[in-house]
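Asks: Pasting a structure below so you can have a look.
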Amino acid sequence: MRTGIKASLAACALALAACSGTNETRDEARAVASPAASASPSVSASASPVVVTSEGRTPPSEVVRVSAAGVEARAGGRAEASVRLDIAEGYHVNANPPTHSYLIPTQVELTSEPGVTAGKPVYPSPLRKKFAFDPQPLAVYENEATVKLPLNIDASATKGARTLRAKVRVQPCDDQACYPPRNVETSFELNVK
């Protein structure tokens with residue numbers, strides 16, 4: 001009876017998220033409403049990972065840390081920023097692209113800055129790793145991963161230093177469970193010569 005109620009609540013959460021306007025709400029509901037969310041410790045091979053709270057675990061704010069080094073470029077030129085993810089021991093994040101469409105990929109996005117246009121991020125080659133909750137190895141990043149972000153600088157860009165901000169969307173997981181997806185932000189200096 002309790003399993004039926006949990007499944008009904010999970011289905012309701014998913015339906016509400018589908019109707020809401022934000023991707024983050026949808027992602028969280030999709031993760032919470034996964035088949036494994038109401039499963040016992042013997043999760044079926046086709047179930048997605050269970051979402052858990054941080055009780056007794058590394059706090060979500062410390063599982064993935066993001067940083068980026070400063071870059072230089074000439075007006076009218078190009079540069080490449082390196083956005084580094086440091087992932088706590090025992091955790092991973094989904095690669096981009098992820099193995100399955102229902103998994104939430106790691107995504108890097110530059111916030112808008114006049115005179116600077118970001119190109120398509122170049123994600124690192126993933127590690128293929130087998131987990132108990134999926135019959136096939138998943139494409140993940142562990143320990144450290146660096147995403148390259150191409151930058152195009154307008155010819156009319158003002159010379160001098162400016163601060164650019166990047167947003168990284170991740171869903172940290174361990175070998176049995178996942179946290180809800182979250183955004184981690186970092187900033188770095190671009191010096192236009």
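Asks: From the list ARG169, ARG165, which one is assigned to a strand (DSSP E or B), modelled with pLDDT of 95 or more and surrounded by fewer than 15 Cβ atoms within 10 Å (Cβ to Cβ)? Can you show your working first?
Replies: Working: ARG169 fails: surrounded by fewer than 15 Cβ atoms within 10 Å (Cβ to Cβ).
On inspection, the qualifying residue turns out to be ARG165.
Asks: Quick test of your reading of the structure: GLU142 fulfils all but one of (1) in contact with a Leu (Cβ under 8 Å, 6 or more places away or on another chain); (2) under 19 Å from SER187 (Cβ atoms); (3) of a type outside the set (Lys, Arg). Name the failing condition by number.
Replies: Going through the list (1) in contact with a Leu (Cβ under 8 Å, 6 or more places away or on another chain); (2) under 19 Å from SER187 (Cβ atoms); (3) of a type outside the set (Lys, Arg), GLU142 breaks only (2).
Asks: Still on this structure, I have one more. Take the residues in region 132-159 that are β-branched (Val, Ile, Thr) and within 18 Å of GLN107 (Cβ to Cβ); name whichever of them is surrounded by the fewest Cβ atoms within 10 Å (Cβ to Cβ).
Replies: Our first condition is that a residue be β-branched (Val, Ile, Thr); within region 132-159, this holds for 140, 146-147, 153, 158.
From what's left, within 18 Å of GLN107 (Cβ to Cβ): 140, 146-147.
Working: VAL140: 22, THR146: 14, VAL147: 22.
Among residues in region 132-159 that are β-branched (Val, Ile, Thr) and within 18 Å of GLN107 (Cβ to Cβ), the one surrounded by the fewest Cβ atoms within 10 Å (Cβ to Cβ) is THR146.
Asks: Also, I was wondering about something else. Please go through region 107-141 and give me each residue that is more than 15 Å from ALA177 (Cα to Cα), part of a strand (DSSP E or B) and of a type in the set (D, E, K, R), ordered by number. Steps first, please.
Replies: From region 107-141, those more than 15 Å from ALA177 (Cα to Cα) are 107-128, 135-137, 139, 141; that's our starting set.
Next cut, part of a strand (DSSP E or B) only: 107-110, 113, 116-118, 122, 127-128, 139, 141.
Listed by number, the residues that qualify are GLU109, GLU113, ARG128.
Asks: Identify all residues within region 150-193 that are within 18 Å of ARG84 (Cα to Cα), in contact with a strand residue (DSSP E or B) (Cβ under 6 Å, 6 or more places away or on another chain) and basic (Lys, Arg); write none if there are none.
Replies: ARG165, LYS167, ARG169, listed by residue number.
Asks: Under 20 Å from ALA73 (Cα atoms), surrounded by fewer than 15 Cβ atoms within 10 Å (Cβ to Cβ) and of a type outside the set (Gly, Ala, Ser) - does that describe any residue in region 120-131?
Replies: yes
Asks: Still on this structure, I have one more. Here are some conditions: (1) assigned to a loop (DSSP other than H, G, I, E, B); (2) of a type in the set (A, V, I, L, M); (3) surrounded by 15 or more Cβ atoms within 10 Å (Cβ to Cβ); (4) over 12 Å from the mean Cα position of the chain (by Cα). ILE104 meets all but one. Which one does it not meet?
Replies: In the conditions (1) assigned to a loop (DSSP other than H, G, I, E, B); (2) of a type in the set (A, V, I, L, M); (3) surrounded by 15 or more Cβ atoms within 10 Å (Cβ to Cβ); (4) over 12 Å from the mean Cα position of the chain (by Cα), ILE104 misses (4) alone.
Asks: For GLY90, are the conditions met, namely being out of contact with any strand residue (DSSP E or B) (no Cβ under 6 Å at 6 or more places or on another chain), small (Gly, Ala, Ser), outside any strand (DSSP E or B) and closer than 19 Å to VAL64 by Cα?
Replies: yes
Asks: A further question on this structure: Quick one: which of ARG74, ARG78 is touching a Lys or Arg at 6+ places or on another chain (Cβ under 6 Å), surrounded by fewer than 17 Cβ atoms within 10 Å (Cβ to Cβ) and either free of Cβ contacts under 8 Å to residues at least 12 places away in the same chain or not aromatic (Phe, Trp, Tyr) (or both)?
Replies: Result of the check over ARG74, ARG78: ARG74.
Asks: Within region 137-153, identify whether any single residue is within 21 Å of VAL64 (Cβ to Cβ), hydroxyl-bearing (Ser, Thr, Tyr) and modelled with pLDDT under 90, and answer yes or no.
Replies: no
Asks: Sticking with this one: Considering region 172-181 alone, what residues qualify as being part of a strand (DSSP E or B) and surrounded by fewer than 19 Cβ atoms within 10 Å (Cβ to Cβ)?
Replies: Hit for region 172-181 is ALA177, nothing else.
The values are calculated or read from the model by the stated rules, or taken from the named source; none is laboratory data. Everything numeric here is computed off the predicted structure, so don't read it as measured data. Quick reminder, even Gly has a Cβ in these numbers, built from the backbone with ideal geometry, and neighbours come from all protein chains shown.
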